[in-house]
Amino acid sequence: MAPYPIIKLDPTQINDLMAIEKQCHQFPMSEKLMLSCLTGRYSAFGCFEEQVLIAFYIVEQVGPDYTLTDICVSPSNQGAGIAKYMLNHLLDLVRSAQGENIFLEVRKSNENAIGLYSSMGFAEVGVRKNYYPNESGREDAILMALTV
């Protein structure tokens, strides 16, 4: 896969972020919540192809620990290794900041994401019961962690 530029995002890119968020999630974040993830202890990074946002991730930093709160690849770019590319960017970011751990939650039904996270060294550390909304009510979240 050719390298794509990854840059820190800011509120001027909210429309592009929301477009991908809505394509990727049946229950997307609100624009207000997404905007709050672009400041403070949160950072968002975007992956671009020919100046078009094709993927992003949002990470929260609390002390030496980081939490991946969202990662999305536009549907037309899925399956090309971009999520792994973005996760490697996150790992480099955390290592360069001398971070200690990365945490995330993933839908129990999202086997592709669980497989990707596992292949990168994340391990299941718990379950949040009825965490995510779904068509039939609620779905469990698998908690995963990686010590960097």
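The values are calculated or read from the model by the stated rules, or taken from the named source; none is laboratory data. Predicted, not measured: the structure shown is a model, and the values here were computed from it. Cβ: placed from backbone, ideal geometry, glycine included. Neighbour counts: every protein chain shown. In case anyone asks, the SASA skips ligands and DNA or RNA and just uses the protein heavy atoms, side chains included. Shrake-Rupley method; radii C 1.70, N 1.55, O 1.52, S 1.80 Å.
Quick one: Karplus J couplings for region 6-15, per residue in order, coefficients 6.51, -1.76, 1.60, θ = phi - 60°, nearest Hz, x for Gly and Pro?
10, 10, 6, 8, 9, x, 5, 9, 4, 5
Assign one of three labels to region 1-40, namely rounded, prolate or oblate, based on the Cα gyration tensor with a ≥ b ≥ c the square roots of its eigenvalues; rounded applies when a/c is under 1.5, prolate when it is not and a/b is larger than b/c, and oblate otherwise.
oblate
Which net charge results for the neighbourhood of VAL73, defined as the other residues with beta-carbon distances under 15 angstrom from its beta-carbon, given Lys and Arg at +1 and Asp and Glu at -1?
The answer is -2.
Based on alpha-carbon centroids, what's the gap between region 20-57 and region 100-148 in Å, whole number please?
19 Å
Once both labels are modelled 7 Å past Cα along the beta-carbon direction, what's the LEU35-SER109 spacing in nm?
According to this spin-label approximation, the distance is 3.1 nm.
Just the number please: accessible area per residue for region 1-144, 1.4 Å probe, all protein chains included, in Å².
56 Å²
For region 58-75, in order, what is each residue's ³J(HN,Hα) by Karplus, 6.51 cos²θ - 1.76 cosθ + 1.60 with θ = phi - 60°, in whole Hz (x at glycine and Pro)?
10, 10, 10, 10, 10, x, x, 9, 10, 10, 6, 8, 6, 8, 9, 10, 3, x
Amide H of LEU9: which non-local residues (sequence gap of 5 or more, or other chain) have their own amide H closer than 5 Å, using H built in the peptide plane?
So LEU9 has HN proximity to ALA44, PHE45, GLY46.
Convert each backbone phi in region 136-148 into a coupling constant with the Karplus relation 6.51 cos²θ - 1.76 cosθ + 1.60 (shift: θ = phi - 60°), then list the ³J(HN,Hα) values in order as whole Hz, x for Gly and Pro.
For region 136-148, the Karplus curve yields 9, x, 9, 9, 5, 10, 8, 8, 10, 9, 9, 8, 8 Hz.
Roughly to the nearest percent, how much of the accessible area of region 49-148 is carbon and sulfur, given a 1.4 Å probe?
Answer for region 49-148: carbon and sulfur cover 45 percent of the accessible area.
So, in nm, how far is label ALA80 from label VAL62 when the simple model puts each one 7 Å beyond its Cα toward the Cβ?
In this crude spin-label approximation the distance works out to 3.6 nm.
Within the chain, count lysine pairs with alpha carbon atoms under 26 angstrom apart where the residues are 8 or more positions apart or belong to different chains.
The number of close lysine pairs in the chain is 10.
Long-range amide H contacts for SER74: which residues qualify at under 5 Å (H placed 1.01 Å from N, peptide plane, sequence gap of 5 or more or a different chain)?
ALA55
Rg/Rh for region 74-148 to two decimals, with Rh computed the Kirkwood way over all alpha-carbon pairs.
1.01
Do any cysteines in the chain lack another Cys Cβ under 4.7 Å, and if so which?
By the Cβ distance rule, which asks for a partner under 4.7 Å, the isolated cysteines are CYS37, CYS47.
Do you know the relative contact order of the chain, to the nearest whole percent, from alpha carbon pairs under 8 angstrom that are 6+ apart?
Dividing the mean separation by the residue count of the chain yields 18 percent.
Once you have the Cα-Cα distance between GLN51 and ALA123, take 0.36 nm times their residue separation minus that, and quote the gain in nm to one decimal.
22.5 nm
Could you tell me what fraction of 2.2 N^0.38 Å the Cα radius of gyration of region 1-118 comes to, as a two-decimal ratio? Walk me through the numbers before you get to the answer.
Details: Rg = 13.5 Å, N = 118, 2.2 N^0.38 = 13.5 Å.
Dividing the Cα Rg of region 1-118 by 2.2 N^0.38 Å gives 1.00.
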